[in-house]
Amino acid sequence: MTVKPADLPVQTLNAIPHPVVVIAGDGRMVFANSDAEQFFSAGAAYLAKRRLADFIPGDSPLFALIEQVRTDRSRISEYRVDVSSPRLGNDRLVDLYVSRLPEDSDHVVVMIQLRSIADKMDRQLTHRSAARSVTGLAAMLAHEIRNPLSGIKGAAQLLETSASDEDRALTRLIGEESDRIVKLVDRMEVFSDQRPIERSAVNIHSVLEHVKTLARSGFARDVRILEIYDPSLPYVFANRDQLVQVFLNLVKNAAEALNGQESREIRLLTAFRPGVRLSVPGTRSRVTLPLEFVVEDNGPGVPEDIREAIFDPFVTTKPSGSGLGLALVAKIIGDHGGVIECDSQPGHTAFRVLMPAWQDEADGRLTEARKGS
């Protein structure tokens, strides 16, 4: 198909993998590219009728930058600007590039670069470092604790044979607590498994369908589970059993967060994000993570004081939890070269996983996997 010269400016702006908007003198967004539509969760026709202040608080530094560009006729870049609002969500840190349109003193172009991917990578490296710390701790615990605990439990069983009824309750308590510690050590020992992951082409929808079936037959029996899938999604390059473990853990956490609520809903989403590319620290290579899998719930949200450390070992909101579930999830995703991020606020929590796609070794092309195929 031949591209008409008149269509080139719009197609060029739509090809830019960042939100781009043109702001008129009265504050209206007279143009929005396709990424801007996604950023503002609204179509270009609707945005053209709205002012920027309808989406971003009036005291945002963005408005001062726009006025400065109009006054000085300059170009300005500003990094890590908070544009959070009820319509855009919390923790919306972005980099801004603002410029005046040529021969037009009123219209200003604003390009928004999301900080989320860079910040996700920083946090993911922290998660991996924490997982490595747990790996060493797990190996030490398995060696240093399991044998003494066996001796303690054996001694308690011997004492129980000649103990009074009152003391027998105490010896049983010793045995039960010893078993509980052994189970904890066994769970931590998973972190010390450094064997290469056996990966292949995996249909993520088949994995999620299996997880949903397990959830509905058990812990999520009374929870509404919605599916919002991209049916043409390529295969993910992963270990199927480990993916089942990851998403079973995330769905179970979501279901438990909904306990006691009148409205209980979990949403499973899949999408293709072709613009997500991350640099590998210490190398010149770049990793493409085009596959996005999300587990959302409408629960009370993760408490703010532990939100940044939610993937660290022993961090939990559950009274009887060990705090190792999400640490293991982060380790598995990290071992696959992926990224996991938690976005949480009251009434909405989303665990977002970015993963590499499987490529056919013969021709290097992504192979599609239809839902349920």
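Coordinate-derived values only; no laboratory data. The structure presented is a predicted model; accordingly, all values stated were derived computationally and were not measured. Cβ coordinates were reconstructed from backbone atoms using ideal geometry, including for glycine residues, and neighbour counts include every protein chain displayed.
Note on HIS210 and SER41: the extension gain reaches 57.7 nm, defined as 0.36 nm multiplied by sequence separation minus the Cα-Cα distance. The order of the peptides 198-211, 252-265 by mean Cβ neighbours within 10 Å, most packed first, is 198-211, 252-265. Rg over Rh for region 5-114 works out to 0.93, using Cα positions for both radii and the Kirkwood form for Rh. Listed values for region 251-258 are Karplus-derived 3J(HN,Hα) couplings in whole Hz (6.51 cos²θ - 1.76 cosθ + 1.60, θ = phi - 60°), namely 5, 5, 4, 5, 5, 5, 5, 8, and x replaces Gly and Pro. Taking other residues whose beta carbon is less than 15 angstrom from the beta carbon of LEU65, and scoring Lys, Arg as +1 and Asp, Glu as -1, yields -1.
Computed 3J(HN,Hα) for region 11-18, one whole-Hz value per residue from the Karplus formula 6.51 cos²θ - 1.76 cosθ + 1.60 where θ = phi - 60°, is 5, 5, 5, 5, 7, 5, x, 9, glycine and proline marked x. Between ILE181 and SER164, the contour length at 0.36 nm per residue exceeds the alpha carbon distance by 3.6 nm. The simple Förster model, with R0 at 30 Å and r as the Cβ-Cβ distance, assigns ASN259 and LEU149 a FRET efficiency of 0.40.
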